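The values are calculated or read from the model by the stated rules, or taken from the named source; none is laboratory data. The model shown is predicted, which means the values in this text are computed figures rather than measured ones. Cβ coordinates were reconstructed from backbone atoms using ideal geometry, including for glycine residues, and neighbour counts include every protein chain displayed. Accessible surface areas use protein heavy atoms only, side chains included; no ligands, DNA or RNA. Shrake-Rupley method; radii C 1.70, N 1.55, O 1.52, S 1.80 Å.
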Amino acid sequence: QVRQEAAVANAKALIEKVNEHCFERCVPKPSTSLSRSEEGCYSACMEKYMAAWNAVSKQYVSRMQREQSSAGFIGGGSL
Amino acid sequence: QVRQEAAVANAKALIEKVNEHCFERCVPKPSTSLSRSEEGCYSACMEKYMAAWNAVSKQYVSRMQREQSSAGFIGGGSL
Amino acid sequence: QVRQEAAVANAKALIEKVNEHCFERCVPKPSTSLSRSEEGCYSACMEKYMAAWNAVSKQYVSRMQREQSSAGFIGGGSL
Amino acid sequence: RELQQFVMQEAQKATIQQSIHSLTDMCFKKCIGKISSGKLDKYEEPCMQNCVERFMDASHLVLKQLENMRTSS
Amino acid sequence: RELQQFVMQEAQKATIQQSIHSLTDMCFKKCIGKISSGKLDKYEEPCMQNCVERFMDASHLVLKQLENMRTSS
Amino acid sequence: RELQQFVMQEAQKATIQQSIHSLTDMCFKKCIGKISSGKLDKYEEPCMQNCVERFMDASHLVLKQLENMRTSS
C-alpha cells in the first residue's frame, strides 16, 4: 500500500513536470483552441520528457552503484 | 477553524506570489530606497496580479463545472 | 536534537541552492568531464553564494531588529 | 463519517487552490506585458482565460495519451 | 508550557531561515554578474543589502494596501 | 524492526525519486532544443547523461570543499 502510494505520487510529479515544461514550450500564446501543431508539439514533448526522465533514472542509478562499489562514498566520483 | 486556517494559508500564498512577481518586474536594480515609480509599479502590479488570480479562479471553476456536467470526466474537454 | 535537525536541514537547503545556481551558471553545456575552468567557476560560485547568504542573513536580522524596536510593526519600514 | 467527508472536501479545496495559484503564476508570465495600470487590459484578460482553458485541454491530452500507452502495452 | 514555547520559537526560526533562503536565491539572480572571484565585489555587496531592504519595503507596501482595501470595503 | 527498515528504505527511495525529478527538470532545460520528434536525438541523449554525471561531480566538489573548510577552521 505504501509502495502503491509512492508510485502514484511519482507518476503525478512526472505528469506535473510534463505539463509545466510542455505548456511553456508548445503553447507560447494560448488562443481559443489548441491548434493541430500545438497538439503535435505537446505529444512529442511529453514523449521526449519521459525519455529524458528514463535516461536520467538509468544514469543516476548506475552512478550510485559505481560510487557504492568504489572505495569511499564522497571521494569516489569527483575526479 | 480548519476553514479559517485554509483561508489564511491561501492569502499568504497569494501575497508571496505577488511579492515574487512584482519585485522581479518592478525593482530590477534595488537601490537605497524605493522610487516613486517603483512604488507605483508595485501597487499596479499587485492589483493586476490579484485581478489575474480572480480571472483564473472563475475560469477554472467554470471549466470544472462544465466537465462534471458533461458525460465523461477525462474525455470531456480535450477537443 | 530538534535544533540539530534544523541546522542540518538548513545546511542541506543551502547546498541544494548552491548546486542549483552554480550548475546553471558554471556548466552551461555538460560534457564528458568537468573542465578546470568549470571547476574553478564552481568553487568561486559556491564561495560567492555563501557570502551572499551571509550578507542577506545579516541584513535581514538587522532589519527585523530595527522594525521591532520602532513603534509599529507594519508601518515601520515602508518609507 | 461526516467529519471524514468534511476533511476530504477541505483537502480537495486545498488542491484546487493550489492549482489556481500555479495557473495564475504560469499564465501571468505568459500573458502580462508591461505593468502600466492595475487592470487587465483587453488583450490580457482573454489571454488569462485562454491560458487556463488550453492548459486544461493539454493536461487532458497527456492523460489520454498515457491511457493509450497503458492499454496498448 | 515551556515545551510549547520552545516549539514555537523553533518554528519561527525555521520560517526566518526559509525567508533568508528565498531572499538569497532571488537577490543572487538580480545582483550577481559574472563569477570571476569568490568574494562579493563592490557593486554586488551593496546590491544584496539593498535587495533585502527594498524587498521588505515592498512587502510592507503590499500589506498596507491590502489593509486599506479591507477597511474601505 | 523490519517495519522500521521498510519505512527507511521507502523514504530513501522517495528521496532518490525526488532527485531524479529535479535532475530531469534541470537537464531537460539545458539539453533539449526544439521539440521536433518524441525521441531524444543524438545530441540530446548524451547531453542528458553527461548532465547527470557532471551535476554529481559538482555536488561532490561542494561537499569536499565544505569538508576542507570545516577541518581547516
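Scanning segment C:25-70 for residues that are touching a Cys at 6+ places or on another chain (Cβ under 9 Å) and of a type in the set (D, E, K, R) yields a count of 5.
Among the residues of segment A:32-47, count how many are open to solvent by less than 50 Å² (accessible area, probe 1.4 Å) and either in contact with a Phe, Trp or Tyr (Cβ under 8 Å, 6 or more places away or on another chain) or over 12 Å from F:Leu40 (Cα atoms) (or both). Explain how you work it out, then say what you get.
Of the residues in segment A:32-47, the ones open to solvent by less than 50 Å² (accessible area, probe 1.4 Å) are A:34-35, A:38-46.
Those left that are additionally either in contact with a Phe, Trp or Tyr (Cβ under 8 Å, 6 or more places away or on another chain) or over 12 Å from F:Leu40 (Cα atoms) (or both): A:34-35, A:38-43.
Number of matching residues: 8.
Contact annotation: residue pairs with Cβ atoms under 7 Å, 6 or more positions apart or on different chains, pairing a residue in segment A:52-69 that is more than 7 Å from every other protein chain (Cβ to nearest Cβ) with a partner that is assigned to a helix (DSSP H, G or I), are A:Glu67/A:Gly76; A:Glu67/A:Gly77. Taking each residue of segment E:33-44 that is closer than 14 Å to C:Met46 by Cβ and looking for partners that are open to solvent by less than 50 Å² (accessible area, probe 1.4 Å) with beta-carbon atoms closer than 6 Å, six or more apart or interchain, yields E:Ile35/C:Cys41; E:Ile35/C:Ala44; E:Ile35/C:Cys45; E:Ser37/C:Ala44; E:Gly38/C:Ala44; E:Gly38/C:Lys48; E:Leu40/C:Ala51. When segment C:15-31 is limited to residues that are charged (D, E, K, R) and more than 19 Å from F:Glu67 (Cβ to Cβ), the one that is surrounded by the most Cβ atoms within 10 Å (Cβ to Cβ) turns out to be C:Arg25.
Taking each residue of segment C:9-20 that is touching a residue at least 60 places away in the same chain (Cβ under 8 Å) and looking for partners that are of a type in the set (Ser, Thr, Tyr) and surrounded by fewer than 19 Cβ atoms within 10 Å (Cβ to Cβ) with beta-carbon atoms closer than 8 Å, six or more apart or interchain, yields nothing.
Here F:Gly33 clears all of (1) within 7 Å of another protein chain (Cβ to nearest Cβ); (2) farther than 20 Å from C:Glu20 by Cα except the condition numbered (1).
Residues that are more than 7 Å from every other protein chain (Cβ to nearest Cβ) and not in a helix (DSSP H, G or I) were ranked within segment F:37-67; the one that is surrounded by the most Cβ atoms within 10 Å (Cβ to Cβ) is F:Asp41.
Looking only at segment F:9-35, filter to residues that are touching a His at 6+ places or on another chain (Cβ under 9 Å) and among the charged types (D, E, K, R); which one of those is least open to solvent (accessible area, probe 1.4 Å)?
Residues of segment F:9-35 that are touching a His at 6+ places or on another chain (Cβ under 9 Å), as a first pass: F:25, F:28-29, F:32.
From what is left, the residues that are among the charged types (D, E, K, R) are F:25, F:29.
Working: F:Asp25: 23, F:Lys29: 129 Å².
Filtering segment F:9-35 for residues that are touching a His at 6+ places or on another chain (Cβ under 9 Å) and among the charged types (D, E, K, R), the one least open to solvent (accessible area, probe 1.4 Å) comes out as F:Asp25.
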